[in-house]
1. Show me the ranking of peptides 166-174, 81-89, 45-53, 152-160 by mean Cβ neighbours inside 10 Å, starting with the highest.
2. Under the 0.36 nm per residue contour assumption, what length would be gained going from the current alpha-carbon distance of Leu46 and Ile141 to full extension?
3. With each label point set 7 Å from Cα along the Cα-Cβ vector, what nm distance links Val134 and Arg35?
4. Sorting check: for 189-197, 127-135, which peptide has the highest mean count of neighbouring beta carbons within 10 Å, and how do the rest follow?
5. Using only the alpha-carbon atoms, what does region 44-166 span along each of its principal axes? Please give whole angstrom values in decreasing order.
6. How large, in percent, is the carbon and sulfur part of the accessible surface of region 82-201 at a probe radius of 1.4 Å?
7. Give me the orientation-averaged projected area of the Cα convex hull of region 91-143, in nm², one decimal.
8. When the label point is put 7 Å from the Cα of Leu127 along its Cα-to-beta-carbon vector, which residues of region 165-195 have a backbone N closer than 19 Å?
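The values are calculated or read from the model by the stated rules, or taken from the named source; none is laboratory data. Because the structure is a prediction, the values reported are computed rather than measured. Neighbour counts are summed over all protein chains in view; Cβ atoms, including those assigned to glycine, are modelled from backbone coordinates with ideal geometry. With ligands, DNA and RNA removed, areas are computed over all heavy atoms of the protein, side chains included. Shrake-Rupley method; radii C 1.70, N 1.55, O 1.52, S 1.80 Å.
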Amino acid sequence: MNHHASPSASPRRTSRIVLAGLAILGLASAVFAVRRPLVMTAPACLAGRWHGCLDTENGVLFMMLAGLPAAALVTWGLALLRQAAGVTSAWRRSLAEVGMVYGTVPFVWLTLMPGPGAGIVPGRVSLIPLRDLVTMGPIGIGGNLLIFAALGFFAPLRFAALASVPRILALGAGCSAVVETLQYVLRLDRVSSVDDVLVNAAGAVLFGLVSRRWWRAAAETPPDRPRPAPAPAPAPAD
């Protein structure tokens, strides 16, 4: 007897392939762009030295890339546990959760990295929109766009309530405002700028739009609970 795959199997498989392809392409592009600084930072990080590794932008990026196998292992483990419990969309949920955390925490770490005058220089605030934007430069703007990019990409895939542009915008702006407030309160020798909030939120929305084609599937997925056990077949009549 011929067995045919369900109609939804092919689109799901295609979506996974496209998602994996985008992730690999983005990773390869990032590695190529910063390959020289990463090579220079690698010795300090591999030797376990804090200074020269986790207190530098290149070192944090290197550790983020080096930890990708561990992140993949965590995703795999979570998905297997959920599949064993009969949870629907186990792989989607696990990938989204790990992606949100792993793709956001290192960039937030970078923004909270203290400057040379930390603890001495008083906090500085810039509340005039677009004034600091012209001084950021392409690298500064690109970095600010990436801070909450993973959050904007994966959050609507994990939480159906966030699957809309205004909500992703609010999420990105709210998280960015918290980071800017911490910079000021902790006196990290950084400028807490409204332009940082605007660009961070824009990055969350832009990358959220990249994953928009999968929002509907995430919204249609039932809550994170085991599938009901099938009803037992009736006993044959004597």
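1. Going from most to least packed, we get 152-160, 166-174, 81-89, 45-53.
2. Numbers: separation 95, 0.36 × 95 = 34.20 nm, distance 2.98 nm.
So the extension gain works out to 31.2 nm.
3. 3.7
4. On the way: 189-197: 20.7, 127-135: 11.3.
Taking the mean over residues of other Cβ atoms within 10 Å, the ranking is 189-197, 127-135.
5. Rounded to whole Å, the extents work out to 54, 44, 26 Å.
6. Details: 4400 of 5820 Å².
Heavy-atom surface of region 82-201 belonging to carbon and sulfur, 1.4 Å probe: 76 percent.
7. Details: hull surface 23.0 nm².
Computing the convex hull of the Cα atoms and averaging its projections yields 5.7 nm².
8. 173-187, 190-195
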